Amino acid sequence: NAGVTQTPKFQVLKTGQSMTLQCAQDMNHEYMSWYRQDPGMGLRLIHYSVGAGITDQGEVPNGYNVSRSTTEDFPLRLLSAAPSQTSVYFCASSYRRDRNEKLFFGSGTQLSVL
Amino acid sequence: AQSVTQPDIHITVSEGASLELRCNYSYGATPYLFWYVQSPGQGLQLLLKYFSGDTLVQGIKGFEAEFKRSQSSFNLRKPSVHWSDAAEYFCAVASFTGGGNKLTFGTGTQLKVEL
């Protein structure tokens with residue numbers, strides 16, 4: 001199994017550009033989420049989804065949109081990139097049966113906004 | 001709101017020495033606690049987790065952690081560190097939303113291992 005796959009691995013944007021970070025999982029996980037990682041701040045939850053058609057905001061949702069049209073995919077959209085969105089982004093997924101479910105992380109997307 | 005504090009930003013130990021990484025949490029109910037490790041350029045790998053029961057939990061790669069409710073702590077330990085343990089370590093507490101674990105992470109501890 002591929003697990004959680006994120007593309008691209010690296011991206012450079014200019015301020016105001018838009019882009020979509022892709023996340024796909026092949027484990028049939030209901031729960032998917034996006035985190036951003038910044039130096040000295042750990043990982044912070046951006047958005048999450050508990051199933052196809054259902055999304056909700058995390059701790060730092062501003063400037064990001066998500067949708068969940070299929071179980072496998074959970075793209076993160078930046079509509080108008082800002083330098084404050086320079087970060088490393090991680091997608092994570094798990095089953096949603098109970099608290100004991102392990103969260104699987106992708107390898108990350110490093111985004112720079114100039 | 002839940003929170004996690006990792007007071008040590010950087011720690012340096014000699015190979016073969018023992019290791020303890022500190023983690024303190026704030027959570028209103030019984031906490032669900034995790035330790036993750038991140039090697040450079042990689043995603044996060046789960047080392048161990050605590051949900052209930054025995055307060056000393058064993059994880060992968062020889063790591064263990066002890067949950068102490070009275071101190072609101074969940075410190076990570078390893079008796080003898082290997083050079084390959086050099087990485088960043090994150091403690092996290094989970095709130096279960098009914099559909100998945102939302103993790104609140106600490107700011108991380110960067111471990112350097114001297115040969």
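The values are calculated or read from the model by the stated rules, or taken from the named source; none is laboratory data. None of the values given here were measured: they were computed from a predicted structure. Quick reminder, even Gly has a Cβ in these numbers, built from the backbone with ideal geometry, and neighbours come from all protein chains shown.
Of the strands (runs of 3 or more DSSP E) lying entirely inside the range B:1-88, those carrying at least 2 residues that are out of contact with any Gly (no Cβ under 8 Å at 6 or more places or on another chain) and either surrounded by 16 or more Cβ atoms within 10 Å (Cβ to Cβ) or away from chain A (no Cβ under 13 Å) (or both) are B:10-14, B:19-21, B:24-26, B:32-38, B:44-50, B:56-58, B:64-68, B:73-78.
I'd like to know if the range A:69-77 contains one or more residues that are closer than 30 Å to B:Ile9 by Cα, touching a His at 6+ places or on another chain (Cβ under 8 Å), of a type in the set (A, V, I, L, M) and at pLDDT 95 or above. Yes. Residue count for the range A:1-54 under the criterion of being outside any loop (DSSP other than H, G, I, E, B) and within 13 Å of chain B (Cβ to nearest Cβ): the result is 25.
Criterion first (out of contact with any His (no Cβ under 9 Å at 6 or more places or on another chain), more than 21 Å from B:Leu33 (Cα to Cα) and within 14 Å of chain B (Cβ to nearest Cβ)) does A:Ser87 satisfy it? Criteria met by A:Ser87.
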